[in-house]
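What follows is a short report on a single structure.
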There are 2 protein chains.
Amino acid sequence: MGSARKANAVVGQSGGPTVVINQSLVGVIETVAKFGEIDRLFGARYGVRGIIENDFMELNGLDSDLLERIADTPASALGSTRDKPDEEYCRRIFAAFAANDVRYFFYIGGNDSADTACIVKEMADEAGHDLKVFHIPKTIDNDLRVTDHCPGYGSAARFVASAVLGDGLDNASLPGIKIDVIMGRNAGWLTAAGMLARRDENDAPNLIYVPEAPVSEDQFVDDIAEIYSRLGRCLVTVSEGIVDENGVGWSEQLLRMAHGAEVERDGHGNLQLSGSGMLGDCIANFAKSEISKRLGGRKIRVRADTFGYLQRSFPGVVSPVDRAEARLAGRRAVEFAAAGDPSGSVAFRRTGKGDDYAVECFRAELKDVARKTKPLPAEYINEAGNGITEEFRTYVSPLTGELPVIGKLT
Amino acid sequence: MGSARKANAVVGQSGGPTVVINQSLVGVIETVAKFGEIDRLFGARYGVRGIIENDFMELNGLDSDLLERIADTPASALGSTRDKPDEEYCRRIFAAFAANDVRYFFYIGGNDSADTACIVKEMADEAGHDLKVFHIPKTIDNDLRVTDHCPGYGSAARFVASAVLGDGLDNASLPGIKIDVIMGRNAGWLTAAGMLARRDENDAPNLIYVPEAPVSEDQFVDDIAEIYSRLGRCLVTVSEGIVDENGVGWSEQLLRMAHGAEVERDGHGNLQLSGSGMLGDCIANFAKSEISKRLGGRKIRVRADTFGYLQRSFPGVVSPVDRAEARLAGRRAVEFAAAGDPSGSVAFRRTGKGDDYAVECFRAELKDVARKTKPLPAEYINEAGNGITEEFRTYVSPLTGELPVIGKLT
């Protein structure tokens, strides 16, 4: 990266990709091009890692057709990272910026990325280096604070709801107990979206478990046995972050039993949950033996699917609203910076509901978005703690868009 | 089911559902309605099981809007079954037909369903009961004999290719070794379709393993290590029916080790492969430790996803050609019967290739479709046995339809 007379800008992408994260990237690229204060725009390869390793791509002058194709392509076009910078790492980021006339930093990611942005901004302020830092929200988990919802969530929610809809019909064709494990380490937003598949009382998902509503193994088995006895089938959606009555993650216990000390954690100290079918398989095996016992030894068909990375990367299953808002978030970040705001995170506020759904963007403070996450509110969880309320349907429907229309013989 | 003056007909659906199996059902319903010889059309609930348990739905006079919605709905609208009738079971089917003036039987399913249809037809002939029996092909496995391809396959192949495309981009964003397990117990047709995601040399899938090309654990690890060393990432698609150099299924060994005598088999004596992430997890754990050893103990990110039931049930990811052909297969079965043919299986023959893709239907003999399956031909597998040839792209592209367009920065 060379120096130049006008200020330079850096954009990066962080954390788990989404199908619309490149919309935000292209929103940044196209808006920077209109903004005279920025000379060169550099894309950091693999997030902050590219910044400290001087691995950049110049993003000026790209063909607009190519940009549109990139915008519609799933996963981070620049590459991503799981690195969570500590103070020293942030110091190296800031040093790279200071050495290269970088005065604008746009970082697309979740709450950890907002945290990194926050720390780097503080260092720049302390050093008297004029650096504008904007966080552009991105997470299929939908668990960022302040904003009404996060770009990336609507499309992942659309995928999950569609998958549960189809799998519920599959489970009605060949009846049994079906466990579907859905992403969401700490928050049940994505798992909750499966409720959109349920139009009639006995439709799948018959039970929904989110981390915000702890459930004991006994209660879990009771719930399934009741529905299976009544309908001859039961589809259960389970968040990968499901916790027991003591607040301990089911996966934590199950993975420890299976792997002992070798449990894999990422740079953030998080347990590896995705990229393995183990939680689903353990739940299925456990449910099979326990429910069979309660039903007098009857043979039961129990299957598990873990939706895995498809939830965040499947091309073509994109919410139109999510697609547009991800683009808008990238544009607004540059516009806030151009207007002179020193830092912030782009957030959404609803200005219209239901069929009149509309949003406006506003600037949130980085520190209010960094670190902590936003759980699924209690009002969206039913009293029994095993389902999602209709209020949530009102919240989530505009974000996913209409699901496929279904016809039934009965 | 009451008797009537004119002959009655029964239609049923069998085996694993697809997203277009109801197109075939509606093709039967709408064509029977035009055909004066049939009085009442009964849908057997849950396949042959509904026939022997007298569980039927009358399908005459249904609203055409409802029929169109049902046609576009994934999974078997009548319910399905895994029952594989033996002689005695077939005798009960035939007895139900004889007692209820059933003179037409349309059975939508795979090779086992063709076998059932074949046996029931022979019994009718022996008893001098005029019964017309037609098998309507359906399988995401694409492994039926005689026909060029099977309804249900194109859409499942579209899902798999899309999933691999997105997951490959995800794995390029956060590089590592990724194992994707794809359905296909005996034949690699569906796994092979993942090759459509590969447009450039280093695109995913980097390696493809199908049951028709046995691979030893050593070779498997060598192949991955070579690509991972070169690219820093490797996405591997593996058919659930992958076999070792002795022809023994990897899953057979892995599941036996994990479950001992408790291995679950279906009514056809098949091992349970779907509805579990175990094969993928075992391969991932094994690959991780072996490849890490070869690379001097280096820490490697290895993940596995098992695409599971989503491959056959995901609504909205439908190949237009597959959708139309599934409908046509149902229509043609009734037309063959109306024209006086006593029995058969609907088959497809290509009459135009590439951009001029076109097919015609013809009548195959039930016995030629029953029981045995059709493996992926050797010409579609590369010499190393770890990839799929470009000839296969020519074969499969018209069946899946165009995949989403992708843009890359590099």
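The values are calculated or read from the model by the stated rules, or taken from the named source; none is laboratory data. Bear in mind that the values here come from a model prediction, so they are computed numbers and not experimental data. Because the Cβ atoms are built from the backbone with ideal geometry, glycine has one as well, and the counts that use them run over all protein chains shown.
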Read through the list (1) within 14 Å of chain A (Cβ to nearest Cβ); (2) surrounded by 17 or more Cβ atoms within 10 Å (Cβ to Cβ); (3) within 30 Å of residue B:107 (Cα to Cα), then give the number of the only condition that residue B:344 fails. (1)
Inside segment B:285-316, can you point out the residues that are at the interface with chain A (Cβ under 7 Å from one of its Cβ atoms) and of a type in the set (A, V, I, L, M)? B:304, B:310
Can you tell me which residues in segment B:35-56 are small (Gly, Ala, Ser) and at pLDDT 95 or above? B:43, B:44, B:47, B:50
Tell me, which residue of segment B:63-102 that is more than 17 Å from residue B:12 (Cα to Cα) and within 13 Å of chain A (Cβ to nearest Cβ) is surrounded by the most Cβ atoms within 10 Å (Cβ to Cβ)? B:72
So which residues in segment A:360-410 are touching a residue at least 12 places away in the same chain (Cβ under 8 Å) and within 14 Å of chain B (Cβ to nearest Cβ)? A:400, A:401, A:403, A:404, A:406
Would you pick out the residues in segment A:182-204 that are without any contact (Cβ under 8 Å) to a residue 60 or more places away in the chain and among the aliphatic types (A, V, I, L, M)? A:204
Quick one: which residue in A:229, A:216, A:239 is surrounded by fewer than 24 Cβ atoms within 10 Å (Cβ to Cβ) and in contact (Cβ under 8 Å) with a residue 40 or more places away in the chain? A:229
Determine whether residue B:334 is touching a residue at least 60 places away in the same chain (Cβ under 8 Å), within 14 Å of chain A (Cβ to nearest Cβ), crowded, with 18+ Cβ neighbours inside 10 Å and aliphatic (A, V, I, L, M). no
Identify the residue in segment B:29-53 that is within 13 Å of chain A (Cβ to nearest Cβ) and in contact with a helix residue (DSSP H, G or I) (Cβ under 6 Å, 6 or more places away or on another chain) and, among all such residues, is surrounded by the fewest Cβ atoms within 10 Å (Cβ to Cβ). B:41
What residue, of B:133, B:164, B:160, B:181, is within 14 Å of chain A (Cβ to nearest Cβ), in contact with a strand residue (DSSP E or B) (Cβ under 8 Å, 6 or more places away or on another chain), outside any loop (DSSP other than H, G, I, E, B) and closer than 30 Å to residue B:330 by Cα? B:160
Would you say residue B:131 is surrounded by fewer than 24 Cβ atoms within 10 Å (Cβ to Cβ), among the hydrophobic types (A, V, I, L, M, F, W, C) and at pLDDT 95 or above? yes
In segment A:136-157, anything more than 14 Å from chain B (Cβ to nearest Cβ) and β-branched (Val, Ile, Thr) is listed as A:136, A:139, A:146, A:147
Restricting to segment A:184-201, give me the number of residues that are within 14 Å of chain B (Cβ to nearest Cβ) and more than 24 Å from the chain's Cα centre (by Cα). 2
Given the conditions (1) of a type outside the set (S, T, N, Q); (2) touching a Pro at 6+ places or on another chain (Cβ under 9 Å); (3) at pLDDT 95 or above, report the number of the one that residue B:185 does not fulfil. (3)
Does any residue of segment A:145-162 turn out to be buried (at least 24 other Cβ atoms within 10 Å of the Cβ), modelled with pLDDT of 95 or more, more than 15 Å from the chain's Cα centre (by Cα) and farther than 30 Å from residue A:94 by Cα? yes
Among (1) modelled with pLDDT under 95; (2) in a helix (DSSP H, G or I), where does residue A:172 come up short? (1)
Examine segment A:391-401 for a residue that is of a type outside the set (Phe, Trp, Tyr) and more than 22 Å from residue A:148 (Cβ to Cβ), and state whether such a residue exists. no
Within segment A:104-119, how many residues are away from chain B (no Cβ under 14 Å), not hydrophobic (A, V, I, L, M, F, W, C) and not in a helix (DSSP H, G or I)? 2
